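One structure is given below, encoded as structure tokens.
The numbers here are math on the coordinates, done by the rules we state, and not lab data. Model, not experiment: these values are computed from the prediction. Here the Cβ is made from the backbone with ideal geometry for all residues, glycine too, and neighbour counts use every protein chain on show.
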Amino acid sequence: MFDPTAFDNMKVIVEGALYDRDLSGEIIITDRNDIINMAKMSRQFNISFSLPDSERKIVSAKMELESKLVHLAAELLPSGKSSKLTGCLVKLFFTFDIEAVEVDYYVLNTILVGIWGTSREITLSIQHEPLQPTKKEKGIITVDFERLITEDQMDDLVEMTDFMITTQQKLTEYLNK
């Protein structure tokens, strides 16, 4: 048997928190990926979910955990820096379709800053297919914590799921006006 890494422990906590909500009917898990990159010796885990309603504009959420070689080495090799580099990076993604609807992106930003605060990097990008006859676009919001999340912050990962669900609800409410 092996000793699980910080990444493994945090992944299990996130999975447990989200699958509990899926079982209770609060969310629907739509995708899950656990990726090992042998070339870069990194790991990535992501899990996607949506709200169980059948609203016209459904916002999908995805939480992504990533552990790079430096994080694994810091944990497994004895050194003075190990406690500073042990953990993983966390990014959140919210995606939604925009179909010929006027969206005020400043309002979206206000909603996001109201939930996530100003200490996180929040970006919004719009994708569209120029060869399609309809004006269908996809909005992608990224919330990047831009710092290492450690095992000491496991409770924050669970609490983060609450904020993700709130974000989905608020964005869905705004987009369905």
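Key figures for this structure:
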{"item": "Every residue from the stretch 138-177 that is surrounded by fewer than 18 Cβ atoms within 10 Å (Cβ to Cβ) and in contact with a strand residue (DSSP E or B) (Cβ under 6 Å, 6 or more places away or on another chain)", "result": "K138, I140, T142, D144, F145, E146"}
{"item": "Answer from S24, S42, S48 - the residue that is at negative phi, in contact with a helix residue (DSSP H, G or I) (Cβ under 7 Å, 6 or more places away or on another chain) and of a type in the set (G, A, S)", "result": "S42"}
{"item": "Residues (touching a helix residue (DSSP H, G or I) at 6+ places or on another chain (Cβ under 9 Å) and more than 24 Å from R147 (Cβ to Cβ)) located in the stretch 53-73", "result": "D53, E55, R56, K57, I58, V59, S60"}
{"item": "Enumeration of residues in the stretch 26-64 that are closer than 19 Å to T167 by Cα and either of a type in the set (F, W, Y) or out of contact with any Ser or Thr (no Cβ under 8 Å at 6 or more places or on another chain) (or both)", "result": "E26, N46, I47, F49, P52, S54, R56, E64"}
{"item": "Residue among T172, T142, T166, T118 that alone is among the hydroxyl-bearing types (S, T, Y) and assigned to a loop (DSSP other than H, G, I, E, B)", "result": "T118"}
